[in-house]
Amino acid sequence: MSLLNGITYGLLLFMLSSGLTLIFSMMGILNFAHASFYMLGAYFAYQISTWIGFWPGLLVAPLLVGAVGAAVERYGLRRAHRFGHVAELLFTFGLAFLVEEIVHLIWGKVAVDYRIPVELDGTLFSLFDTDFPIYKGFMMLVSVGMLIALYALLTRTRIGLIIQAALTKPDMVEALGHNVPRIFMLVFGGGTALAGLAGVIGGNAFVTEPGMAAAVGSIVFVVVVVGGLGSLGGAFVASLLIGCIQTFSVALSISVTDVFALIGVDLPEGSQLARLTITQLAPILPYMLMVAILIFRPRGLMGARES
Amino acid sequence: MNSHVSEAVFRRGRLLLWGACLAVAIALPLVFKSGFMLSLLCQMGVMVVFALSYNMLLGQTGLLSFGHAVYFGMGAFISMHALNIIGKDGGPLLVALLPLVGGLAGLLAGVVLGYVTTKKAGTTFAMISLGIGELVAACALMFPGFFGGEGGVSGNRVIGKGNLLGFTWGPQVEMYGLIVAWAFLATVAMFALTQTPLGRMANAVRDNPERAEFVGYDTQRVRYLMLILSGFFAGVAGGLTALNYEIVTAETLNAHTSGVVLLMTFVGGIGFFYGPIIGAILVTVMQIVIGGMTQAWLLYFGLFFLFMVLMAPGGIASVISMQRNLWQAGLFGRMVPHYLAVALPMLVLTAGLVGLIEMSYALLAGEGVGAGDTATQVMGMQMQLNSPAPWAIALATTAVGMALTRWIGGRTRAAWNATLSTLHGDRT
C-alpha cells in the first residue's frame, strides 16, 4: 500500500521534474520558479472548478499555466539571458517570490477549498484492510498517460526530433533554418504546463495553499540532482525513489536507536537523537540522499555530464 | 606579499574613506536619536556584514549560494548558547567577544558543510547549497533542545557586574557601538582578503576555472577556503544579531533569510566591494520603512528586484560607477537632461502601479486591518473602491506612464549608447 502511495507521489514528482529537466538541459536555465507554476496550476484549477467544474479545469489550467510560462520566457527570461546564467537564475528566483505574493494577494494566505470531484471520490479497491482511493488511481493514470505522450512527442514526432537536436547542437539547428528561440519558448511553455498539470491533480490530493510551492520546490531540485542534471530517465528513477522513501519513512515507526542497533551501534539512552523516529526524520531524508549521491556519485544516478 | 596587502588596504585615499565611513557610522545616532532609527541602524550594521560575507561567495568566487543563512544562523545560535553558558560569571568584555564565537561557529559549519557543497561550482553548487540549507532548516525543527523549537532561544546580553570602559551593552546605543566596531573590523578584514593571493585566486576561479587549474591551483580548494572564510564572517554577523535582539529563532537559518541576503547583495551590486554595503543599507531601510507603510511591501520588493535583474544586472554599485566614469570624462552633463526626462514618466508609471496594487490589496487581501474594505487611503487620497472611477484613473495613469516610459526610455537609451561610444572612443 505504501508502495502504491509512493509511486503515486513519485509520478507527481516526475511530472514536475521532467519539465524542469527538459528546460534545464535545453536552455541551461535552472528554473527556480518551477514549483510556482505548479502552485499556479492548482490555483487556476481551483478557480476554474468553482466556475465550470473540475474536468474543463484539467485541460484549461495547464494550458493557461503554459501560456504564462511562455510569456515569461518571451518577455523576461530572453532579456535576462543576455546577462548570463546567474541573471537568469536570479530572474526565476525573483519570479518565484513575486508569484507567491500575487497568490497571497488574489487568493489570500490560507488554503483554499480545492476538492476532489465527486465522481472520483471513493475507494478503488481494498488491500490488507486499507483503502486505495479512486483519485490516487486517477493521478497515476494521468501521470503515466502524460509520460507516454511526452515520450512519444520527443521520439516520434518531427518537433520532438528538432527539440532533441536543439538540446545538443542549438547552433546547427538554427543554421538549418529552425527558429531556436521559438523552440525555447515552446519548451519553456511546455515544461511549465506540465508543472501546471501536476498542480491541477496534486492540488486537491494534498492542499492548495501559498506555501505549496516552497514545500515541493526544494524536493524537485533534489530529484533533479539525484537523477542527474538533464537526464529524463534519471529524473524518473529519482522521482519514484524519493516518492517511495518519503512515503515509507512516514509509515515506519521505528526509532533511530533501532536503526543504529541494527548495525551494532548503541546510542546513549535519552539523547535527543536517540528519541527521534524515522517518521520525524522523513523531511530530511531526501536531502541526506542528495548529499550521499553527491559524495559518492557526483553526476547523479543517470547523469551524463559532470556539472 | 603582506606589505602589498597592507599597502592596498591602507593607502592614503582609502584610509580617508575608511575613516569617513567610521565617523559617519558613529555620528549617525547623534542625529537620529529615536529608538526606531537606532534599531534600524543596528539591523543595517548586521546586514552589511552578512551581505559582504555573502558577496565573498557570489561576487568574488562566483558561487551562487541559496543556503548562506545556515552559517549566519549557526553563528547566532552558538553565540546565544555561549552567552547563556557564561551567564552570571561573565562580564561585558566576554559579551563583546561573543561575535567571535559566532564567527568560529560559522567557520566550523563551513568546514563541515563546505566540504560537500564546494565539490562543484556553478548551477550544481547552487542546488546543493539549497539542499543543505533545507536540510539544516529541517533539522532545526527536529532538535528543539538546541534550536529552541518554535519559540527560539533567548538570553540577556547584560551579564555580570561592572563594565568595560563604561559599557554594559544594556542601552541600544551601546549595542550600536558594538555593532559598528565589529562591522568595521569585519569590513576591513574582508576588504584586505580581496587583496590577498587567495582573494585574487578566487577571482581567477570565478572567471576561468580551467585556466586556474592549468596554472596549478586546485579550484575546489580555493572554493572551499573562500566558503569557510565567508562562513566565518556570516557567523560574526549571526553573533551580532543574537546580541542585538537577544533572541534567536529557527527563522535565522531558513531559506527566507538566505533569499533576503541574496537579494540585497545583488541589488547593491556584486561586482564591487562596496556594492553589498549599499544593498544591505537600502534593503533594510525599504524593509522596515516601506514594510511599515504597506502590506504589499514584498510585492514591491519582488518587482523592484526583477526590474534590477532586467535593467541593471550589475546592481546599484555598477550604475554609480558608470556615472563616475562619465563624470570623469566630462560627459555626465550630457546625460542629465535625459535622466530628468525619463524620471518623470517613470514616476507616473510607479504612481499608477502603486495605486493599482494598494487598491487591490485593500480589496482582496482578506485578513487583517483592511479586510474587504470598500474605501482605503492611497498616497494620502481617500479612494472609494466600489466605484469604477479610482480604478479607471489608476489604470489610465499606469497606461500613460508605461507608454511614455517606453517612448522616452528608448530615446534615453539611444542617448546613453551614443554617450558610451563617445566615452570608449575617447579612450582608444
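For this structure, a couple of remarks:
- Residue within the stretch B:135-152 that is crowded, with 23+ Cβ neighbours inside 10 Å, away from chain A (no Cβ under 11 Å) and aliphatic (A, V, I, L, M) present: no
- A:Gly108 falls short of the stated requirement of being at the interface with chain B (Cβ under 7 Å from one of its Cβ atoms) and crowded, with 22+ Cβ neighbours inside 10 Å.
Listed here are the residues, each with its yes/no results for (1) polar (S, T, N, Q); (2) away from every other protein chain (no Cβ under 14 Å); (3) under 30 Å from A:Leu90 (Cβ atoms).
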residue: B:Val70; (1), (2), (3): no, no, yes
residue: B:Gly75; (1), (2), (3): no, yes, yes
residue: B:Ile86; (1), (2), (3): no, yes, no
residue: B:Val101; (1), (2), (3): no, yes, no
residue: B:Gly106; (1), (2), (3): no, yes, yes
residue: B:Thr118; (1), (2), (3): yes, no, yes
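- Residue list for the stretch B:101-132, restricted to those being assigned to a helix (DSSP H, G or I) and of a type in the set (S, T, N, Q): B:Thr117, B:Thr123, B:Thr124, B:Ser129
- If the condition is being crowded, with 18+ Cβ neighbours inside 10 Å and either under 26 Å from the mean Cα position of the chain (by Cα) or at pLDDT 80 or above (or both), then the stretch B:323-337 contributes only B:Leu326.
- Comparison of A:Leu11, A:Leu63, A:Leu4 shows that the only residue that is away from every other protein chain (no Cβ under 14 Å), farther than 15 Å from A:Gly189 by Cα and surrounded by fewer than 22 Cβ atoms within 10 Å (Cβ to Cβ) is A:Leu4.
- Single match in B:Leu349, B:Leu353 (criterion: closer than 30 Å to B:Arg411 by Cβ, within 14 Å of chain A (Cβ to nearest Cβ) and at pLDDT 80 or above): B:Leu353
- A:Ser17 meets each of the listed conditions (1) surrounded by fewer than 24 Cβ atoms within 10 Å (Cβ to Cβ); (2) touching a residue at least 60 places away in the same chain (Cβ under 8 Å) apart from (1).
- When the stretch A:236-248 is filtered for residues that are within 14 Å of another protein chain (Cβ to nearest Cβ) and either within 13 Å of the chain's Cα centre (by Cα) or modelled with pLDDT under 75 (or both), the ones remaining, listed by number, are A:Ala238, A:Ile242.
- Residue within the stretch A:28-50 that is crowded, with 20+ Cβ neighbours inside 10 Å, at pLDDT below 80 and over 23 Å from B:Ala312 (Cβ atoms) present: no
- Test result for B:Leu141, assigned to a helix (DSSP H, G or I) and farther than 30 Å from B:Ile270 by Cβ: yes
- No other residue among B:Gly314, B:Gly292 is crowded, with 17+ Cβ neighbours inside 10 Å and either outside the structural domain of B:Gly401 (by TED's automatic domain parsing) or touching a strand residue (DSSP E or B) at 6+ places or on another chain (Cβ under 8 Å) (or both) apart from B:Gly314.
- Within the stretch B:217-226, not a single residue is touching a residue at least 60 places away in the same chain (Cβ under 8 Å), out of contact with any Asp or Glu (no Cβ under 9 Å at 6 or more places or on another chain), charged (D, E, K, R) and closer than 20 Å to B:His81 by Cα.
- Among (1) hydroxyl-bearing (Ser, Thr, Tyr); (2) within 23 Å of B:Phe50 (Cα to Cα); (3) crowded, with 17+ Cβ neighbours inside 10 Å - the single one B:Thr168 does not satisfy: (2)
- Here B:Pro197 passes the criteria (1) surrounded by 18 or more Cβ atoms within 10 Å (Cβ to Cβ); (2) more than 24 Å from A:Ser218 (Cα to Cα) except the one numbered (1).
- Restricting the search to helices (runs of 4 or more DSSP H) fully inside the stretch B:227-334 and requiring at least 3 residues that are more than 14 Å from every other protein chain (Cβ to nearest Cβ) and of a type in the set (S, T, N, Q) gives B:315-328.
- Filter result for the condition that a residue is closer than 21 Å to A:Phe97 by Cα, over 21 Å from the mean Cα position of the chain (by Cα) and either among the β-branched types (Val, Ile, Thr) or assigned to a helix (DSSP H, G or I) (or both), over B:Val354, B:Val348: B:Val354
- Qualifying position, being within 14 Å of chain B (Cβ to nearest Cβ) and either of a type in the set (A, V, I, L, M, F, W, C) or more than 13 Å from the chain's Cα centre (by Cα) (or both), among A:Gly233, A:Gly211, A:Gly217, A:Gly227: A:Gly211
- Identity of the residue in the stretch B:75-100, part of a helix (DSSP H, G or I), in contact (Cβ under 8 Å) with a residue 24 or more places away in the chain and of a type in the set (Gly, Ala, Ser), that ends up surrounded by the fewest Cβ atoms within 10 Å (Cβ to Cβ): B:Gly87
- Pairing each residue of the stretch A:69-86 that is within 13 Å of chain B (Cβ to nearest Cβ) with any residue that is of a type in the set (Ser, Thr, Tyr) and assigned to a helix (DSSP H, G or I), provided the two are 6+ apart or on different chains, yields C-beta distances under 9 Å for A:Val72/A:Thr92; A:Val72/A:Thr192; A:Gly76/A:Thr92; A:Leu77/A:Thr92; A:Ala80/A:Thr92; A:His85/B:Thr123.
- Being surrounded by fewer than 21 Cβ atoms within 10 Å (Cβ to Cβ) and farther than 25 Å from B:Ile281 by Cα is a description that does not apply to B:Met127.
- For B:Phe32: the one exception among (1) in contact (Cβ under 8 Å) with a residue 24 or more places away in the chain; (2) within 23 Å of B:Gly170 (Cβ to Cβ): (1)
- Failed item, numbered, when A:Phe206 is tested on (1) part of a helix (DSSP H, G or I); (2) more than 10 Å from chain B (Cβ to nearest Cβ); (3) modelled with pLDDT of 75 or more; (4) out of contact with any Leu (no Cβ under 6 Å at 6 or more places or on another chain): (1)
- Restricting attention to the stretch A:137-161, the residues being among the polar types (S, T, N, Q) and more than 16 Å from the chain's Cα centre (by Cα) number 2.
- Residues that are farther than 22 Å from B:Val70 by Cα and out of contact with any strand residue (DSSP E or B) (no Cβ under 8 Å at 6 or more places or on another chain) within the stretch B:91-109 comprise B:Leu94, B:Val95, listed in sequence order.
The values are calculated or read from the model by the stated rules, or taken from the named source; none is laboratory data. Here the structure is a predicted model, which means the values were calculated and not measured. Cβ: placed from backbone, ideal geometry, glycine included. Neighbour counts: every protein chain shown.
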